[in-house]
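Enquirer: Take a look at this one; I'll ask things after.
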Amino acid sequence: MRNAVAAAAIGMATMLGAHAAIAGKDLDSIRARGALNCGVGIGTAGFMLADSTGKWRGLSVDVCRAVAAALFGDADKVKYVPLTSQQRFTALQSGEVDMVMGNATYTLTRDTALGLDFTGIFYYDGQSFLVPKALGVKSARELSGATICVAPGTTTELNLADYFRANKMTFKPVVIEKVDEIRSAFFAGRCDVYTTDASALAATRAANVPPPRTFDDFLILPEIISKEPLGPVVRHGDNQFADIVRWALYAMIEAEEYGITSLNVDKMLKSENPAIKRILGVIPGMGKALGVDEKWVYTIIKQVGNYGESFDRNLGPGSALKIDRGLNKLWNQGGLQYAPPIR
Ligand SMILES: N[C@@H](CCC(=O)N[C@@H](CS)C(=O)NCC(=O)O)C(=O)O
């Protein structure tokens with residue numbers, strides 16, 4: 001009897017092993033539709049912003065594009081669905097979008113009770129405060145009694161309450177759902193302070209200050225009051241799709257580590273380095289294991305670029321934001337960005 005159970009277990013394991021990549025229902029419907037529905041924010045420079053021709057750009061957008069490149073061999077096969085912080089997780093749960101790249105912080109409750117899965121961390125962020133210099137404040141500890149603009153359904157709102165309580169300070173929240181309306185309220189002086197992820201504050205300061213005031217009229221306070229690890233989110237139920245989202249981001253990070261860029265990727269196909277050969281599918285196997293074309297990483301890097309290229313173009317020296325890589329440097333350059341091996 002015990003042998004029979006053991007044999008059945010081995011048989012089952014063999015069956016599962018024989019099909020490393022079983023397409024789930026979400027992946028089937030995305031493939032049948034021929035495009036990825038990617039939930040993004042309403043519009044934040046550097047992360048997700050539609051230009052005058054309707055083309056979306058940004059680091060978050062590039063992760064959607066990388067997933068489409070892996071799935072379809074074409075980074076343009078994405079439909080962007082702008083969502084507020086309040087809408088993003090219900091839109092994912094209901095199937096309106098396949099994944100969310102809405103600068104969502106990876107937390108325990110979102111990853112479990114909401115029925116969602118975070119598949120990595122594309123940006124290590126933290127919460128801070130944006131103030132007009134005219135307010136005359138240099139530290140968050142001087143904000144007691146301030147009126148503070150904040151978006152609902154965010155970790156921001158929760159951290160804000162914790163921080164003020166922990167420091168025995170008071171504040172008056174002005175809760176506004178749409179990010180463009182929060183910015184207008186802040187610039188119109190309806191609140192003294194705007195709080196959200198420091199990266200989004202840097203974007204607001206660099207891209208949204210209405211003239212005649214400029215960037216230099218505002219200040220981001222030095223305190224970072226929380227950890228905001230921002231990740232791609234999918235819903236529970238389709239592990240293979242989750243794997244593709246997870247490894248599309250890792251591929252961008254791994255390519256940077258190996259010096260593979262959108263400019264040299266064709267030359268890299270001739271590299272003698274076995275790791276590069278595996279990453280680019282010259283030695284096949286990774287694509288099969290993931291259930292995508294063997295050229296998946298080649299296509300991501302050719303069409304989207306590696307993580308560092310995307311960061312520099314959207315947030316770093318090649319952008320108006322000039323955000324320091326900081327924690328988002330690669331692990332071997334003093335940062336936290338670390339991709340498990342593609343092997
Ligand atoms: N990271 C925080 C805050 C995120 C946040 O405010 N995210 C989005 C909503 S998706 C936002 O306002 N993004 C800017 C935008 O909509 O353009 C969280 O996950 O709760």
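Enquirer: Specify which of the listed residues (Asp162, Asp238, Asp180) is over 20 Å from Ile323 (Cβ atoms), open to solvent by less than 40 Å² (accessible area, probe 1.4 Å) and acidic (Asp, Glu).
Expert: Asp238
Enquirer: Let me ask another. Scan (1) in a helix (DSSP H, G or I); (2) surrounded by fewer than 23 Cβ atoms within 10 Å (Cβ to Cβ); (3) not aromatic (Phe, Trp, Tyr) for the single condition Val297 breaks and write down its number.
Expert: Every listed condition holds for Val297 apart from (2).
Enquirer: Okay, moving on. I need a count of the residues in region 24-42 that are over 16 Å from Val100 (Cβ atoms) and either of a type in the set (S, T, N, Q) or near the ligand (Cβ under 9 Å from one of its atoms) (or both).
Expert: Count: 1.
Enquirer: Do you know which residues across region 43-88 are within 16 Å of the ligand (Cβ to nearest atom), in a helix (DSSP H, G or I) and either open to solvent by 20 Å² or more (accessible area, probe 1.4 Å) or in contact with a Phe, Trp or Tyr (Cβ under 8 Å, 6 or more places away or on another chain) (or both)?
Expert: If the condition is that a residue be within 16 Å of the ligand (Cβ to nearest atom), in a helix (DSSP H, G or I) and either open to solvent by 20 Å² or more (accessible area, probe 1.4 Å) or in contact with a Phe, Trp or Tyr (Cβ under 8 Å, 6 or more places away or on another chain) (or both), then Leu59, Ser60, Val61, Val63, Cys64 are the ones that fit.
Enquirer: Shifting gears a bit: If I ask for residues that are exposed (fewer than 15 other Cβ atoms within 10 Å of the Cβ) and within 25 Å of the chain's Cα centre (by Cα), which ones from region 142-157 would you list?
Expert: Scanning region 142-157 gives a single hit, Pro152.
Enquirer: For region 201-225, how many residues meet the condition of being open to solvent by less than 20 Å² (accessible area, probe 1.4 Å) and hydroxyl-bearing (Ser, Thr, Tyr)?
Expert: Number satisfying all stated conditions: 1.
Enquirer: Assess whether Thr195 counts as being buried (at least 16 other Cβ atoms within 10 Å of the Cβ), in contact with a helix residue (DSSP H, G or I) (Cβ under 7 Å, 6 or more places away or on another chain) and among the hydroxyl-bearing types (Ser, Thr, Tyr).
Expert: yes
Enquirer: Within region 274-281, does at least one residue satisfy the condition of being open to solvent by 30 Å² or more (accessible area, probe 1.4 Å), over 23 Å from Thr105 (Cβ atoms) and part of a loop (DSSP other than H, G, I, E, B)?
Expert: no
Enquirer: Now a separate question. If you go through region 170-214, how many residues are among the acidic types (Asp, Glu), farther than 23 Å from Arg141 by Cα and more than 10 Å from the ligand (Cβ to nearest atom)?
Expert: Qualifying residue count for the region: 1.
Enquirer: Now for a separate question. Out of Ala113, Ala104, which single residue is out of contact with any Phe, Trp or Tyr (no Cβ under 6 Å at 6 or more places or on another chain) and surrounded by fewer than 16 Cβ atoms within 10 Å (Cβ to Cβ)?
Expert: Residue meeting the stated conditions: Ala113.
For (1) more than 20 Å from Val67 (Cβ to Cβ); (2) of a type in the set (Asp, Glu), each residue gets a yes or a no:
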position: Asp243; (1), (2): no, yes
position: Ala275; (1), (2): yes, no
position: Asp293; (1), (2): no, yes
position: Ile300; (1), (2): no, no
position: Arg313; (1), (2): no, no
position: Asn328; (1), (2): no, no
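Enquirer: Tally time: how many residues in region 104-142 are within 16 Å of the ligand (Cβ to nearest atom), among the β-branched types (Val, Ile, Thr), over 17 Å from Ile323 (Cβ atoms) and assigned to a loop (DSSP other than H, G, I, E, B)?
Expert: Result for region 104-142: 3.
Enquirer: Across region 89-103, what is the number of residues that are assigned to a loop (DSSP other than H, G, I, E, B) and within 12 Å of the ligand (Cβ to nearest atom)?
Expert: 1
The values are calculated or read from the model by the stated rules, or taken from the named source; none is laboratory data. Computed from a predicted model, the values in this text were never measured in an experiment. Ideal geometry is used to build each Cβ from the backbone, glycine not excepted, and the neighbour counts take in all protein chains shown. Quick note on the areas: whole protein, heavy atoms, side chains included, nothing else; ligands and nucleic acids left out. Shrake-Rupley method; radii C 1.70, N 1.55, O 1.52, S 1.80 Å.
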